[in-house]
1. For region A:388-446, state the average projected area of the convex hull of the C-alpha atoms over all orientations, rounded to one decimal in nm².
2. Which of B:2, A:298, A:232 has the fewest other C-beta atoms within 10 Å, and how do the rest follow up to the most?
3. Whole number please: convex hull volume per residue of the Cα set in region B:64-132, in Å³?
4. Take every residue in peptide B:46-59, count the Cβ atoms of other chains within 10 Å of its Cβ, and give the average of those counts.
5. Please state the Cα pair-distance histogram of region A:469-563 with 10 angstrom bins from zero: what percent is in each bin?
6. By the gyration tensor of its Cα atoms, with a ≥ b ≥ c the square roots of the eigenvalues, what is the shape of region A:349-425: rounded for a/c under 1.5, prolate for a/b over b/c, or oblate?
7. Taking the alpha-carbon set of region A:1-80, what are its Rg and Dmax in Å?
8. At 37 °C and 0.692 mPa s, grab the translational diffusion coefficient of region A:446-493 from Stokes-Einstein with a Kirkwood Rh over Cα pairs, rounded to a whole number in µm² per second.
Amino acid sequence: MNPFSSGTRLRDMIRSIRACKTAAEERAVVRKECAAIRAAINENDQDYRHRNLAKLMFIHMLGYPTHFGQMECLKSIASAGFPEKRIGYLGLMLLLDERQEVLMLVTNSLKQDLNHTNQYIVGLALCALGNICSAEMARDLAPEVERLLQFRDPNIRKKAALCSIRIIKKVPDLAENFINPAAALLKEKHHGVLITGIQLVTDLCKVSTEALEFFRKPKCLDGLVKTLRDVVNSPYAPEYDIAGITDPFLHIRLLKLLRVLGQGDADASDCMNDILAQVATKTESNKNAGNAILYECVETIMSIEDNGGLRVLAINILGRFLSNRDNNIRYVALNMLMKAITVDAQAVQRHRATILECVKDLDASIRKRALELVCLLVNESNVKPLTKELIDYLEISDQEFKGDLTAKICSMVEKFSPDKIWYIDQMLKVLSEAGNFVKDEVWHALIVVISNASDLHGYTVRALYRAVQTSIEQESLVRVAIWCIGEYGDMLVNNGGVLNIEDPITVTESDAVDVVEIAIKHHSSDITTKAMAMVALLKLSSRFPSCSERIRDIIVQNKGSLVLELQQRSIEFNSIVEKHQNIRSTLVERMPVLDEATFSGRRAGSLPATVSTSSGTSLNLPNGVAKPAAAPLVDLLDLSSDDAPVPSSSGNDFLQDLLGVDISPASVQPGTSQAPKAGTDVLLDLLSIGSPPVQNNSTPSDILSSSQDNKSSVAKLDGLSPTPSGGAASMIDLLDGFVPNSPKPEDNGPAYPSIVAFESSSLRLTFNFSKPPGNPQTTLIQATFTNLSPNVYTDFVFQAAVPKFLQLHLDPASGNTLPASGNGSITQTLRVTNSQHGKKPLVMRTRIAYKLNNRDVLEEGQINNFPRDL
Amino acid sequence: MVIRELSGVILTRGPKLCNFVEWRGYKVVYKRYASLYFCMCIDQEDNELEILEIIHHYVEILDRYFGSVCELDLIFNFHKAYYILDEILIAGELQESSKKTVARLIAAQDSLVETAKEQASSISNIIAQATK
């Protein structure tokens, strides 16, 4: 034991600190020592400086503040003796970091030491510089370090090389200076210098493209390949041997450099093919060192330009890794396979079974990696067995993993399910098992699919009924179940739509109501669930008239609920059940099918704005559902089939409206004319009676879905009345006195009459029609815009969208400034071709944008009153 | 805080699990020797298996230097452990792959320290004698 640098006092201090039994004791000892050190610093004690520094470092490692010792380091470095410098530099590296300004003061000492005659002192300086220098220091001292790259002593050369790495990372501009000295280092024989030189070159190439070009030249590259070959073939060298391989570190560094050089460059990649093959095949893989080399080799093969044979070799190695018993190796293999998928998915598929096993591994890191990899491997052909395995595993997996696993299963199932019934089955299993981990949009999507699969309604509702019996605590499952029971309760009880794979089951009306009642009363049901349950009860009261009384009782229990939502529903539904039996059944009729295309488009976050041509982007819904394959906008316009009103344009609220309140959402496009009371409109939608009303301009915020709040996410019935306090009373008024709002009768003159396509208080748009001769399908429309307000409109832009069976072409407008009060107009010609001429009339959705007093205004509307035979 | 967080993560891992953890976007490679854990934090692109080798390299050199190194050696001679580390890694990169070379360098520097100490004690002796 060298008594010099660790004087008894240091050892004593350490011993006394370790003897402390409590944190308070330790703090006391440390405080005493710090006081002593501070006193010594003040007295400028030379003799014990190194000891004090050592103590300071120990105290620092324990976590106590030691900034008062920073100047001591500097003084120590500045002193002449080697031991002081040694401990001074160590203190510098431990107690300071590059952000401290004190560091700048060291620059001068460093400079002197870099030029010292004693090479160990030079070494100390290089080490400190390499570990901790800041950008300014790097700039100042770079020339010194450069010079030292060619020093006679290899020890110094290697330190200088690593120091240079830090310098070029801090100051990339200096990289060019180091290229030539670095190249010289590559020819060294001394392993230490060679390794550090290679690292310097690797980092140079990452930082500077000039360097990359330089080192890619065949002369250099061949040299590197030769070096690698030499070390691979070298005989036993005891100094560098690790596990039977000569200097695996050198192997790995060389492979890394080859990777950087070969990436993106086919010629360079060709040079290295042979040696890579040799390394891949010859390296022994029973020890970690060998595996490390193989790993690096595989990484390199995957990154450089394509060579089929090598890639196959690489993936085979990974396959072997995967079945290795060593966890580390498997982890590393999974990592690499994820990168390999982009290169050669087929090969990776072969190992699917092994990867699946890894998902169930005991090791959390391996499980995570394997799960990610499995998700990348899923495609249409293997989705069924994979999902089955994952769901089986879901039951036994532990809690932290379940969330991840659930999310991944759901996304897999959604993307790749081949048919609806399988999708529904899988989702039910996931919900029963881990419903609480399932995100909202997932079960929303499930409901959309269910509603679209009309032949599966009976099957689904029965399956849900069974599932809920066992898994009542899975919230999402309960929600889906009560929605379905509400909707399709009659099929549940009457065994409607039985498929031959089903087991028979008898469910009475009262059983069905039981389920919903349990859901309401269950302690873990939150507000959304309870609210949904209320709606379901309302539906059931209509479908099962015999249970009406009982249902009323249940609903009434929430009359005094502290939650406004529940209270409101309770009162309103109660009143419907009691007093309004005549309209009740129409009120809760089967919901119209939720449009999947729209839903997914909405979900993707963007409803495409109206476009001036009719080419929509097709949505890819590989959900085993017959895809409309058209932009959501187009479906919205497909009015000929059904008078379903256009859904509202705000995100998730769309579905929440549908699920919470049993009405089709009213379209809320602002900007059309003649508006009857908002309440009446919405109620018409509610009753699905009458044609789609023209909407109200003044409440652009969605009538139905004003709140974005997810908790009371389900849209409220109170949204029906324009004022929130309206509540039950106004609804009753509306119910008593509504009048269907029929659209204006069209003017079916023999010629094609002009129409007022759009009119608001501020703007009028008229269309004049003509047909070019010889082409009955095409119509020329002359659009005239008139400004009805007293302000001028600037930057006037008209856009239109049409459904798929129409083709629209817009000519440029005559201008884009619309003078006020009808003192002028803008005209624009449109050409529409109707492929369903004679069968379907024209429809168009418009969007008009202009600037009013430098404020942007947007008016949107829909034109339904085209003459029928255009 | 870093140490506390990492200790929490690593110490809770079982013995058979793999030696890599993901932490704050980096990878941490750790190796256990009796009651001592050596951890190295690396980037996503680095080779984990090689880091295991580097850790082992360091430990073997420590072993040779201290002669069957144990935890107490490292505690009471932490500064020496650092000196040795400085001969193996600079700026996080490997400096020397030969254990013999490292040992030689450390020995040379230690002897420098010895000579300096002898000089100092002899000078102070002389002065002490002179000023008596």
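1. Mean projected area for region A:388-446: 3.6 nm², to one decimal.
2. Working: B:2 9, A:298 29, A:232 18.
Ordered by Cβ neighbours within 10 Å, fewest first: B:2, A:232, A:298.
3. For region B:64-132, the hull spanned by Cα atoms encloses 122 Å³ per residue.
4. Neighbouring Cβ atoms belonging to other protein chains average 5 per residue here.
5. Values per bin, smallest distances first: 16, 49, 29, 5, 1.
6. Oblate, since a/c reaches 1.5 and b/c is not below a/b.
7. Values for region A:1-80 (Cα only, Rg and Dmax): 12.6, 41 Å.
8. Approximately 313 µm²/s, per Stokes-Einstein.
Rule-based calculations on the coordinates, nothing more; no lab input. Only a predicted model underlies this, so the values are computations on that prediction, with no experimental measurement involved. Here Cβ is always computed from backbone atoms with ideal geometry, including for glycine, and neighbour counts include all displayed protein chains.
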